[in-house]
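Step one of this worksheet: look at the structure below.
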Amino acid sequence: MSGAKGTDYIFPGRGNGRPNPMSGRQMHRLLKSWVTEAGFNPNKYGIESLRRTKALHILNSTGDLETVRVLLGHEKIESTAHYLSIAKRSKSDPITVSSAFDI
């Protein structure tokens, strides 16, 4: 057991007193440092590219755009499809789909 509590932050911020979450600015600096250490151009990668990449990995692994929508906090699935630059599939007619398979 690590001694961590359910209320502890994964990325705690700096400062004295009660722990606070890491600020966006702190996270941006940390990510730039990691990208540079990995040998990539830090001007091409940021918080949004990290967020989008994770969402795409989840989508590619599960095929579940609705789950990705919820994780990203989008209200409309069209927003999620646009954010990830993918085309949302239109609903298919179940009878047409069923007729296409000769079993």
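The values are calculated or read from the model by the stated rules, or taken from the named source; none is laboratory data. Please read all numbers here as calculations on a predicted model, not as lab measurements. A quick note on method: Cβ atoms are made from the backbone with ideal geometry, for glycine too, and the neighbour counts reach across all protein chains shown. Just the protein is used for accessible areas: all its heavy atoms, side chains included, with ligands, DNA and RNA removed. Shrake-Rupley method; radii C 1.70, N 1.55, O 1.52, S 1.80 Å.
Listed values, structure above:
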item	result
Label selected from (i) 21.3, 64; (ii) 19.4, 66; (iii) 20.1, 68, the criterion being Rg and Dmax of the Cα atoms in Å as computed here	(iii)
Relative contact order (%) - criterion: Cα under 8 Å, at least six apart; region: the chain	11
Expected 222 nm ellipticity per residue - DSSP helices of 4 or more, -39500 (n - 2.57), all of the chain, to 500	-14500 deg cm²/dmol
The chain - percent of accessible surface contributed by carbon and sulfur, probe 1.4 Å	55
Where the chain is the region considered: accessible area per residue in Å², 1.4 Å probe	85
Test item: Cα-centred dipole of the chain, Lys/Arg +1 and Asp/Glu -1 on Cβ, debye	620
